[in-house]
Every structure is written in C-alpha cells, then in structure tokens.
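Report on the following structure.
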Amino acid sequence: MITSFRILAVSVGILVAAFAVSGLVFPSLARRAFDFLSRLGQRFESRCFYLPFCFGCFLIFLMLGLLLTQSGSGISPDSTGYIVTGKNIFLGNGFYAAGGLPYVAQPPLYPLTIAALMHIGFGAEQAARLVPILCFALLMFPIFSLGRTIGGFLTGYMACLLCLIFYPLLLVTSFAWTEMIYIFISVLSILFLVKFGKGNGAGTKILCVAGLFTALAILTKYLGITLLVVGLIVIALKNRSRLKRTIYQALLFGSISVVPILPWLYRNVTLTGSPTGSRAESTIGLLANAKATIGATLGDFVPLDYVTALTTSVALFVIFTVCVKLYSTDRKILSKYPVGNYILILYIVVYLVALVIMRSLWHFDSIGTRLTCPAYPFLILVVTSFVLYASSRIEVAPLRATLFSAIAIVGIFFLFSQAPSLVGFYGLASQGMGYNSPHWRNEEGIAWAASNAPDSVVIYSDRADAVEFRLNRLCRYLPYSGDEKGIEEFFEELSGQEGAVIICFKEDWRRSYLLSNDEIADKNQAYNLLVAVADFPESTIWCMR
C-alpha cells in the first residue's frame, strides 16, 4: 500500500514537472496554464462555493479524526494528566493529576473542557478524544479565512487541502494533547491580529477579540505567551509615532491576554514555589536545541535523505534565483506583499525561538514534531501565499515556467514524504497508540493487578499514570531514587497499610530517577515488608508480606 502511494505521488509529480518544464520550450503554454489558474481562482470566489468547501472540509476532517482514533486517542503521560485532572474536576476533587499529585505542569483549559463535556454525558477519555478532533475540523474555517486575508481565495483553498494531508497535524489530533487545541486558538488569534494590522482605523474591538483568543491560548499552553509578544510588536509597528495610542492598546491587549492566567500562576507558586511548576534544568544547550528544531521542521515537510535534500536544495535555489530576478525588476515588490504574511512570519520566528530558549533553560519533552507543529499551519499559509504572489508578479512566461517547475519539484517530495507517512500512521493509529496501544492493553503486570488487587489495596508504580489510566483507579508514584528520607517515609507508609501492591517496570524512561526493582530489593532487607510475587518480562509485582 505504501509503495503504491509512493509510485502515485512520484508519477503525478513527474507529470506536473514535465508539463511545467515544457513551458520553457512553449512559453504560450505556461502563460495559458497560469491564466487558467487565475480564472479558476476568480470563479471560486463566490460565497456559494467557498462556504460549502469549508463545511465539506470540516466534515472530512471530523470523519478522519474519528477514524484515526477508532480505538481511542493516543495516550501519553501528559494525556493521563489531562484526563485524570478533568475527571477529578468533574468529581469535585480539584486540580489533581495521576498519582494524586497537584496538576501544575500545564495550564488548566484542556482539563476544564474535559470536565465540562463530562457534565453533558461524555466519559473522561471520550471527552479528551473529542476536543482535539473538533478543533482539527473547525480549524478549516479560520485557516481559509486567514489564507483569503493574506493571499486571496486560492491561498485559502490550497492551505486547507494541504492541512488535510499533512501528517504532523493528524498526529497531534490523534493524541489527547493540547497541541491541536492551541493551534486552533492561535490561528484565530493571529487572524484577528492580521485584521487589526491591515485596518486603517483604530481597530480596538478587533484587538480585544485577538486578546481574548490569546488569553485562551495561554490558558492552553504556556508557550501561548508568544502570541502576546507578537501582538505587542504588531501594535507598536502599526501605531509607530503615536505613543499614547501604542501604550493604550498595548495595555488593553496585554491585560485581556494575561489577566485570566494570573490566578492559576499564583496557585502554582503557592503549591510549588514556581509559576509553572518545579522543573529540572535542561541538560541540552541552545545550539543543540536550535539544530533539533530545524531538523524536526525540515524532516516533517521533506524526508531528510541525500537525494531528496540535494534535489530540493537545487529547486529552492532556482526559486530563490527567480525571486531575486523578480526583485531586481520591481524594487517595491516586498512592500506590495500583503502585510498579513509578515505577521505570520513574525509569529513563526517568535514561537520557534521561544521554544528553543525554553527547552535550553528547563527540562521537558525533546523538540520534535509535537512541539514544532503549532508553527506549521502558518508556515503552510506563508509558503502557499508566497508562491501564488510571486507567480502573479512574473510577466515573462519562461521565467514563470521555471519558477513553476521548481515549485513542482518541491511539491513532488512533499507528496512523496506525506503519502507513506499517512498510510503507515493510519495502520498504527487505528490499533491505538500510547497507553491505548495493544502493548499496554495486554501488559501482564497491570492485568495481574486488575485480577488480584482489590480496591482496598493501595497500588504503587513507577508508571503510576499508565497504571491509573488502564485500571481506572488511583495509583501512587514510587519515591525518588537516592532520596533516603523519601524512601524511609515510603516504607513507613507501607507499614501502616493493610495491603499494598507495587508494579515496577523494568524498562522505563523514569528508571533514572524513580525507585527501581534492585533498589526495592536492597531497601526491603532492612524493613522486610515486601516480597516479589510475580515476575513478568516487562514488570515485577511486589506485595506486602
């Protein structure tokens, strides 16, 4: 199946490229092709076409999201935090995540949304699955509107279709993560900032709406603060010499954006001494994180092998050369480029730079598709808008055909990279991912606890989030390795329990800092409270004597 998609992608791409290259020999052919595209774009500017188009995309995206998650959303450690916290909010227990720990690592909007959906009859996992899928489907409306605003109707249509086949967006939709919610809200925020930046009047009402969506973005991800930075820069650039108006609008936008998150930050400081929760310092430097960001972004758009890199580099060089030639004939071409594109470029740069800096200061997930994905819809919009803008400005048919040829080559490899990824991802996602995967559904240690640990028995684990999600009951974390006081308190707590079960996994990324099987056996010699009752390939079960 994957091979068939590759053959199809390459075949279509070669045909398009051959047609484009023929424009160098037959200039009139290239001119007619672009004239046809222009007339096609004008015909599709009718409301009776673009509204059904957006609604059709909404339905397709909705069905695609439901199909990908037919075995449930992908569940990661972060996902269990959202789901368990949402469930606790619904039950009136407050913001507490897996293991009974306070929920502080992320802002509260996603768990609150889960709890709200539970009040109308959804289960916690169902709600966590539904929210990203709805945001993914609804994304088509602001994406089209933003594309139309910065580049015209054809930009909006193409951006929607590209998002439909873009693997990273499907990935973050298929997991119970905040990324797709954040993408949807951030596109809305940037849409209104673009409208504010383009407006001739004061645009205060539009700015307030942008501030509202920025506040929601910050309540979804702490990196939403980048939208605040972009908004303040846009306000300063638009007003320029009008200092009083700049200060007034900056204070208004900043207040609307920041005030809603302040009670949450105060609560976190009270609980942990830090506004975003206690975090370890990063062990990865600035340069390494910058390299990881560039690698992740390029890898998500084009596969990073030598042939692809060489071919794409040549095509991009041709595109750059044509653009330089275009600039030399029309010096004002950049000033004519729609201002909304510059706002999108500003956000892409601010977001990725902030991501690199924060990952260099604090330890959290390594930079990859999940963290860079919020910049991708804007990158798709900017590239699509630029291609159409540059093509429309070229008067010489052979030069236009050259540009079209190079763009077609880049498009070939984009299709080449996305098609097999989508096919393989569908096969993986349809079975379930993360803690919903067949591996975790059939994990023997958890299955043992489900059959042999009654509700009166307290369960501990180094993967308390996984165990709590699979068993749907409270599971506590093991103490930190090397924390002698914490280990002593742990065994004292065990001595007061009527019964306890420990599920300790043998291979785990937490192995470096939570109590391991060997350490449990070593420390137990002094207390003689535990005995290993079952040993499975991936986990060991300890019980009270």
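Observations on the structure shown:
- None of 204, 226 is in the same structural domain as residue 371 (by TED's automatic domain parsing), β-branched (Val, Ile, Thr) and buried (at least 22 other Cβ atoms within 10 Å of the Cβ) except 226.
- Looking across the range 97-112, the residues that are within 19 Å of residue 458 (Cβ to Cβ) and crowded, with 23+ Cβ neighbours inside 10 Å come down to 97, 98.
- Boolean, residue 153 is among the aromatic types (Phe, Trp, Tyr) and over 17 Å from the mean Cα position of the chain (by Cα): yes
- Residue count for the range 463-491 under the criterion of being within 17 Å of residue 84 (Cα to Cα) and surrounded by 16 or more Cβ atoms within 10 Å (Cβ to Cβ): the result is 13.
- Among the residues of the range 339-354, the ones that are more than 13 Å from residue 237 (Cα to Cα) and either of a type in the set (A, V, I, L, M) or not in a helix (DSSP H, G or I) (or both) come to 8 in all.
- Looking across the range 355-387 at every residue that is closer than 27 Å to residue 137 by Cα and outside any helix (DSSP H, G or I), the one that is modelled with the lowest pLDDT is identified as 365.
- Inter-residue pairs, beta-carbon under 9 Å, first under 20 Å from residue 346 (Cα atoms) and in the range 381-393, second among the hydroxyl-bearing types (Ser, Thr, Tyr) and outside any helix (DSSP H, G or I), 6+ apart: 385/337; 386/337; 389/337
- When the range 471-492 is filtered for residues that are within 27 Å of residue 440 (Cβ to Cβ) and not in a loop (DSSP other than H, G, I, E, B), the ones remaining, listed by number, are 471, 476, 477, 480, 490.
- Cβ-Cβ under 9 Å pairs, at least 6 apart or on other chains, the range 521-543 side among the polar types (S, T, N, Q), far side assigned to a loop (DSSP other than H, G, I, E, B) and surrounded by fewer than 16 Cβ atoms within 10 Å (Cβ to Cβ): 528/545; 539/506; 540/506
The values are calculated or read from the model by the stated rules, or taken from the named source; none is laboratory data. Since the model is a prediction, treat every value here as computed from it, not as a measurement. For neighbour counting, all protein chains shown are included, and Cβ atoms are generated from backbone atoms with ideal geometry for every residue, glycine included.
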